[in-house]
Amino acid sequence: MLSYFANPARFMTLSAWASPIFLGIAFVLFAVGTPWALWLSPADYQQGETVRIMYIHVPAAWWSLGIYALMGAASLVSLVWRHALADVAARSAAPIGATFAAICLVTGSLWGAPTWGTWWEWDGRLTSMLVLFIIYLGYIALWNAVDDEDRAARLAAILCLVGLINLPIIKFSVDWWSTLHQPASILRMGGSAIDESMMGPLFTMAGAFFSLFAGLLMVNMRAAIHRRRVESSRIRQEQA
Amino acid sequence: MSAFAALFRRELSLMWASGGLMTPLGYFVGAATLTPLAMGPDRALLATAGPPLVWIAAALAVMATLERLFQADLEDGSLDQMMLSEAPLEALVLAKGAAFWCVVGAPLALAGAPVSIALQAPIDRIPLIVAALGVGAAAFIGVGLVGAAVTAGVRRGGVLIALIVLPFFAPPVIFGAAIASGEDVEAAFLILLGCALGATAIGPFAAAAALRLQAE
């Protein structure tokens, strides 16, 4: 099925209406999730109102990891099957993933100030997340530095696969170096430790972030494909 | 003589002839010298904060020398010769890395002794710091091979290499610095060894894959 959608022409027709749909879903989910998270859900018994930062921080963190994993999968496809659409997907996802990582770091810092009493702590989770952000930047910089686009795609793919090493480190950093950042509280043995009243807005916001990513990814990919077409038709005209 | 040994010797003599030894060493000592100048010469302060900074200087020194690692081979066609050779490219990349370790990594580790003494590290910890720097240099170089290979075709790729390898230098720096300041030495040393083994195992394969693309 994947190879069916991997045809660029088919992707263009599909994404022409899929990307506005995803952006629309993101808009609706944000419209529902934001008031739910920021006003209607209960405040934490210890942290008070600051817990609401979670509804932005956690989804951004999840998807900045998820997007990198997706880029890793796309890079593998690009290296193994040399598929142009996989290159475009990985390249287009990177700035969104970097932005999500930055949102995660900034909101985490804002959250840390009132609850931990520090804006930044060199703890395992924070450090590895910062490392992920820098890996994103390096990946984007490599894409921009290599002139030949096919070569850039595959070099960046190699770099992306090497960087995958960081994902399990981020995930397990809270268990390996337990300092300030709390350990996993949702995906853990023995079920979630978060009250159910907070799960609704959290997952709504996670869905909103994902739909936003999917919509923006398609917009980015469409722009990249259009740009390639313009360039190739310009080259054709110059040759004619 | 096997291709591995031949390339290893070629790299050694090339790096030796081009003064490859002195440049990173000088850089390392220079960067470490800036530390007490910035922190002030207070001995108690230096003793706690100084030794880990050896690792920053070492990471910077390796980073600064990575740029030319494959670029010259790409430009003068040696890389094409390497790919024509029957020996696997991965092994040849490993040979280059090994030579790089001998010319840059090992001297850097040895120079780590006087530098750490100057930064007020306790004398009895010096052998450990030197050994850790040697192991850490292997980890830096394993990662550096990949960074140098993916940026080999880029003009003035020095800053780009630094940006790419920097995040991967973090684990050896973290655990190396822990050794230098004497915390959980045994565990940190084992993890550092693990970083070096992992980087040496993965680095040549990723670097060789990138070099094949560069030579196309």
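The values are calculated or read from the model by the stated rules, or taken from the named source; none is laboratory data. Predicted, not measured: the structure shown is a model, and the values here were computed from it. Backbone-built Cβ (ideal geometry, glycine too); neighbour counts: all protein chains shown.
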Residue match in region A:121-135 (condition: in contact with an Asp or Glu (Cβ under 9 Å, 6 or more places away or on another chain), within 14 Å of another protein chain (Cβ to nearest Cβ) and outside any helix (DSSP H, G or I)): no
Which number in (1) out of contact with any Lys or Arg (no Cβ under 7 Å at 6 or more places or on another chain); (2) modelled with pLDDT under 90 marks the one condition that residue B:120 misses? (1)
Looking for something closer than 27 Å to residue B:29 by Cα, in a helix (DSSP H, G or I) and of a type in the set (A, V, I, L, M, F, W, C) - is there at least one such residue anywhere in region B:200-212? no
Just the residues that are modelled with pLDDT under 90 and surrounded by fewer than 21 Cβ atoms within 10 Å (Cβ to Cβ), please, taken from region B:192-213. B:212
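Is region B:167-184 home to any residue that is within 9 Å of chain A (Cβ to nearest Cβ), of a type in the set (Phe, Trp, Tyr) and touching a helix residue (DSSP H, G or I) at 6+ places or on another chain (Cβ under 8 Å)? Don't jump to the end; show me each part of the working.
Of all residues in region B:167-184, those within 9 Å of chain A (Cβ to nearest Cβ) come to B:167-168, B:170-171, B:174.
Now narrow it down to the ones that are of a type in the set (Phe, Trp, Tyr): B:168.
Remaining after also requiring touching a helix residue (DSSP H, G or I) at 6+ places or on another chain (Cβ under 8 Å): B:168.
Within region B:167-184 (the criterion being within 9 Å of chain A (Cβ to nearest Cβ), of a type in the set (Phe, Trp, Tyr) and touching a helix residue (DSSP H, G or I) at 6+ places or on another chain (Cβ under 8 Å)), the answer is yes, since at least one residue qualifies.
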May I ask you to list pairs of residues, at least six apart or on different chains, whose Cβ atoms are under 7 Å apart, with the first in region A:149-163 being within 8 Å of chain B (Cβ to nearest Cβ) and the second being among the acidic types (Asp, Glu) and part of a helix (DSSP H, G or I)? none
Quick one: would you say residue B:191 is part of a helix (DSSP H, G or I), more than 23 Å from residue B:96 (Cα to Cα) and within 9 Å of another protein chain (Cβ to nearest Cβ)? no
Please indicate, with yes or no, whether at least one residue in region B:127-139 is touching a residue at least 24 places away in the same chain (Cβ under 8 Å), assigned to a helix (DSSP H, G or I), within 14 Å of chain A (Cβ to nearest Cβ) and buried (at least 16 other Cβ atoms within 10 Å of the Cβ). yes
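Looking at residue B:108, is it closer than 30 Å to residue A:146 by Cα and assigned to a helix (DSSP H, G or I)? Outline the logic, then answer.
Details: closer than 30 Å to residue A:146 by Cα: no; assigned to a helix (DSSP H, G or I): yes.
Considered against the rule, which asks whether it is closer than 30 Å to residue A:146 by Cα and assigned to a helix (DSSP H, G or I), residue B:108 comes out as no.
Go through region A:111-134 and give me each residue that's among the aliphatic types (A, V, I, L, M) and touching a Phe, Trp or Tyr at 6+ places or on another chain (Cβ under 8 Å). Walk me through how you get there before you give the answer.
Pass one, region A:111-134, residues among the aliphatic types (A, V, I, L, M): A:113, A:126, A:129-132, A:134.
If the condition is that a residue be among the aliphatic types (A, V, I, L, M) and touching a Phe, Trp or Tyr at 6+ places or on another chain (Cβ under 8 Å), then A:113, A:126, A:132 are the ones that fit.
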Check off (1) outside any helix (DSSP H, G or I); (2) within 12 Å of chain B (Cβ to nearest Cβ) for residue A:117 and give me the number that stays unchecked. (2)
Hey, among B:159, B:130, which residue is touching a helix residue (DSSP H, G or I) at 6+ places or on another chain (Cβ under 8 Å) and of a type in the set (Val, Ile, Thr)? B:130
Name, by its number, the condition in (1) closer than 30 Å to residue B:167 by Cβ; (2) at pLDDT 80 or above; (3) surrounded by fewer than 16 Cβ atoms within 10 Å (Cβ to Cβ); (4) touching a Ser or Thr at 6+ places or on another chain (Cβ under 9 Å) that does not hold for residue A:164. (3)
Within region A:222-240, identify whether any single residue is surrounded by 19 or more Cβ atoms within 10 Å (Cβ to Cβ) and at pLDDT 75 or above, and answer yes or no. yes
Any residue at all in region B:2-21 that's of a type in the set (D, E, K, R), touching a helix residue (DSSP H, G or I) at 6+ places or on another chain (Cβ under 8 Å), buried (at least 19 other Cβ atoms within 10 Å of the Cβ) and assigned to a loop (DSSP other than H, G, I, E, B)? no
Can you spot a residue in region B:163-171 that is more than 20 Å from residue B:61 (Cα to Cα) and in contact (Cβ under 8 Å) with a residue 24 or more places away in the chain? no
